[in-house]
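J.: Quick one: the structure is below, and I'll ask about it shortly.
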Amino acid sequence: MKQLHYGLAAAAVALALAAVADPDTASRLVEALGGTRKPPVPADRLLDLAARHATLAITSVAVASILGVTLGVFVTRSAGAALRPLVDTLVAALQAIPPIVVVALAFPALGFGSAPTVLALVFYCVMPVLRGTIAGIEAVPGEARQAARAMGFTRWQLIWSIEVPLALPLISEAVRVALVLAVATAAIGALAGAATLGTPIITGLQNQNELHILQGAAATAALAFLAEAAWLLGLCLVERQPVEA
Amino acid sequence: MTEAPGAVASERRLDRLPSLSGDAVARGLKAVLTAIAIWALVGMGWLSIAPNRLLPGEALPATAVLGGWAHASALALLLIVGAGFRRDAGEAARAARFALLLGLLIGLLILTGIAAGRSLEGEPPSARCMVGAGFFTMVGAIVLLLLDEARGVRPTLVAAIVLCGVVALAIAKRSGAFEGLSIMVEYRARSDLFRAALLRHVALSVSALAIALLVSIPLGWLAFRHPRFRAGVNALLSGIQVVPAVALFGLLVSLLSFALAAWSSLRGLGLAAIGPTPALIGVAAYLMLPLTRGVATGLAAADPAVIETARGMGMTDRRIAWEVRLPLGLPVFVSGLRVAAVQSIGLTTLGGLIGAGGFGALVFEGMAQFAPDLIILGSLPIVAMAILADLALRAFELRVARPLS
């Protein structure tokens, strides 16, 4: 019930922010604040950029989730436990590096476009997913594990039919946080030539056009809230289905 | 956890039976990392000589640049890792291997610097000698091996060995071992700018953290006292997080310029529409979420039974807050402070876009010129500061948490 309420509230905020990003509203807002009249970013261009922005963020979070869950499952095995401190240190270091620095450093090697941004977002999002996976798997009761073993489950069956499903709520929460972070952060990709909602922000900064900055900012925030709303409402739908006996 | 000893034993046996042992996995990782480092030494581009600082150069392998030293280093690496491969012989052996690996890494750095200086002889002054992919791969692989070797060695011992390494590097730098590398050339050309950027970056990130703390401590206190207020604060501060930082900075520049046009007396306070003012406000705005959360959850961290006991002893609310809640909640608060400090260093980078200076200015200039060395020169100190802040506050977090457990 709480999820439904939060989801609907996020959707409402997304809608309001999208309205602010709309060329007419944004123009009027800037003029009311004392800005001069300037040509806004047209709505269809904004929608196109939003689609690219979303693709970039979703791709990165998908890669980060696969990596994070795989690593999380691995370091909770007895074979992987020895590597847990190393993985922890490494992933924490990756997250401590500011995404803009990853973009800048990858830029000469990977060139103009979305590749440096995807790399930066993957680095940034692995840690939350890894943490969620480890916390989820560690919370699986030992009885459940023992029962599964007693029933003759293989190692893979234990992972995929017992541990991961039981850890799923925490993993899903972590992926949601990562997705919202990725959507908000993907805007910096514009500095390395990725077409995102950061593009009007950067051109606005260069040409002192606060209207473009406002539209880019409002559209990015709208997309982040939309991602949150879609995730929460999607969960409500999935969870409503009856569990097989 | 109260389990029958038999159950625990059987679980352990079941777990071990079908799976690889942890040792085998750790050994496999070591072997892979060693193979990667050796491949980087003999098979990848190590140094490249470019006609100037913007054009890419021709990459040469380490075997061509360092000569016999490349083979010797590969052999040394093999011997060091091989010595600890079969058996894990205690802390002293690990520490020795750690020191040897670090020595090898530093030796390779110095050799590469000298080789770069030598290969520039006879080239025009605009020529640059850049380190290539092989060099970075080798450094990465050896750092991972070092991290693995550092497990089970006392942190103070690790720190002492690393300190010796840093001193060795500093001596090598003083004697001019690295002068031939393109990044040092870039640094020499901008050493004043670099120093100014360092001062500005540190000043901006520390002041933003201080401003955010000043706001967040009362805000966190209020959020802890009034649950209704907490929901509002949380929604507002989370909302700020989804606004891209570049956009917030840009909007602050516009808003400040409108405000300064309307109330020109504000200029007398030293406020300006571009530069440090919008950067400080913008960075502080993002730091408020982790800090406020840290304060509010830290205050709530104490067990209600402990609070009841304190109240039963006749302590006032104020004394409970200072003498019970504060010490018990300190680890949570420090954890929030750590997140905020790391973010502060990273976000300050973006201040370079709005004229606030700092290392961001170097990075963005490098990106605009497509000059890799300038980008690296600006980025490495940011990465170093962020990781150091993270490590230092993590250590502090453990220290304040220890008396509880």
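The values are calculated or read from the model by the stated rules, or taken from the named source; none is laboratory data. Keep in mind the model is a prediction, meaning the values are calculated, not measured. Cβ sites come from the backbone with ideal geometry, for glycine too, and all protein chains shown count toward neighbours.
J.: Going by the structure shown, is B:L120 out of contact with any Cys (no Cβ under 9 Å at 6 or more places or on another chain) and among the aliphatic types (A, V, I, L, M)?
T.: So B:L120 does not fit the description; no.
J.: Just for the stretch B:253-273: of the residues that are more than 10 Å from chain A (Cβ to nearest Cβ) and part of a helix (DSSP H, G or I), which one is modelled with the highest pLDDT?
T.: If we take residues in the stretch B:253-273 being more than 10 Å from chain A (Cβ to nearest Cβ) and part of a helix (DSSP H, G or I), then B:L256 is modelled with the highest pLDDT.
J.: Look at the stretch B:112-152 and say how many of its residues are out of contact with any helix residue (DSSP H, G or I) (no Cβ under 6 Å at 6 or more places or on another chain), within 16 Å of B:D373 (Cβ to Cβ) and aliphatic (A, V, I, L, M).
T.: 5
J.: Right, B:I387: crowded, with 24+ Cβ neighbours inside 10 Å, of a type in the set (A, V, I, L, M) and within 10 Å of chain A (Cβ to nearest Cβ) or not?
T.: Against the criterion (crowded, with 24+ Cβ neighbours inside 10 Å, of a type in the set (A, V, I, L, M) and within 10 Å of chain A (Cβ to nearest Cβ)), B:I387 does not qualify.
J.: Turning to a different aspect of this structure: For the stretch B:120-134, give me each residue that is among the aliphatic types (A, V, I, L, M) and surrounded by fewer than 19 Cβ atoms within 10 Å (Cβ to Cβ).
T.: Passing the criteria: B:A127, B:A133.
J.: Any idea which of A:R84, A:R77 is assigned to a loop (DSSP other than H, G, I, E, B) and not aromatic (F, W, Y)?
T.: Matching residue, one of A:R84, A:R77: A:R77.
J.: Working carefully through the options A:I213, A:I171, find the one that is under 20 Å from B:I354 (Cβ atoms), among the hydrophobic types (A, V, I, L, M, F, W, C) and in contact with a Gly (Cβ under 6 Å, 6 or more places away or on another chain).
T.: Going through A:I213, A:I171 in turn, just one is under 20 Å from B:I354 (Cβ atoms), among the hydrophobic types (A, V, I, L, M, F, W, C) and in contact with a Gly (Cβ under 6 Å, 6 or more places away or on another chain): A:I213.
J.: Hey, another quick one. Look through B:S254, B:S238 and report the one residue that is among the hydroxyl-bearing types (S, T, Y) and over 19 Å from B:A340 (Cβ atoms).
T.: So the residue among B:S254, B:S238 that is among the hydroxyl-bearing types (S, T, Y) and over 19 Å from B:A340 (Cβ atoms) is B:S254.
J.: Still on this structure: Among the residues of the stretch A:85-123 satisfying the criterion of being at the interface with chain B (Cβ under 10 Å from one of its Cβ atoms) and among the aromatic types (F, W, Y), which is farthest from B:M367 (Cα to Cα)?
T.: Among those residues, the one meeting the criterion is A:F112.
J.: Determine, yes or no, whether B:R319 is free of Cβ contacts under 8 Å to residues at least 60 places away in the same chain, more than 22 Å from the chain's Cα centre (by Cα) and farther than 30 Å from B:A196 by Cα.
T.: yes
J.: Continuing with the same structure: In the stretch B:239-252, which residue that is within 25 Å of the chain's Cα centre (by Cα), within 9 Å of another protein chain (Cβ to nearest Cβ) and in a helix (DSSP H, G or I) is surrounded by the fewest Cβ atoms within 10 Å (Cβ to Cβ)?
T.: Result: B:Q241.
J.: Return a yes/no flag: does the stretch B:80-87 have any residue that is buried (at least 21 other Cβ atoms within 10 Å of the Cβ) and either aliphatic (A, V, I, L, M) or in contact with a His (Cβ under 9 Å, 6 or more places away or on another chain) (or both).
T.: Yes: the stretch B:80-87 contains one or more residues that are buried (at least 21 other Cβ atoms within 10 Å of the Cβ) and either aliphatic (A, V, I, L, M) or in contact with a His (Cβ under 9 Å, 6 or more places away or on another chain) (or both).
J.: Among the residues in the stretch A:66-75, are any over 30 Å from B:I382 (Cβ atoms), surrounded by 14 or more Cβ atoms within 10 Å (Cβ to Cβ) and in contact (Cβ under 8 Å) with a residue 24 or more places away in the chain?
T.: yes
J.: Separate question: Would you confirm, using the coordinates I've provided, whether B:T156 is in contact with a helix residue (DSSP H, G or I) (Cβ under 7 Å, 6 or more places away or on another chain), polar (S, T, N, Q) and outside any strand (DSSP E or B)?
T.: No; evaluated as a whole, the condition is false for this residue.
J.: Can you list the helices (runs of 4 or more DSSP H) lying wholly within the stretch B:318-405 that have 2 or more residues being closer than 24 Å to B:I217 by Cβ?
T.: Result: B:326-350, B:372-401.
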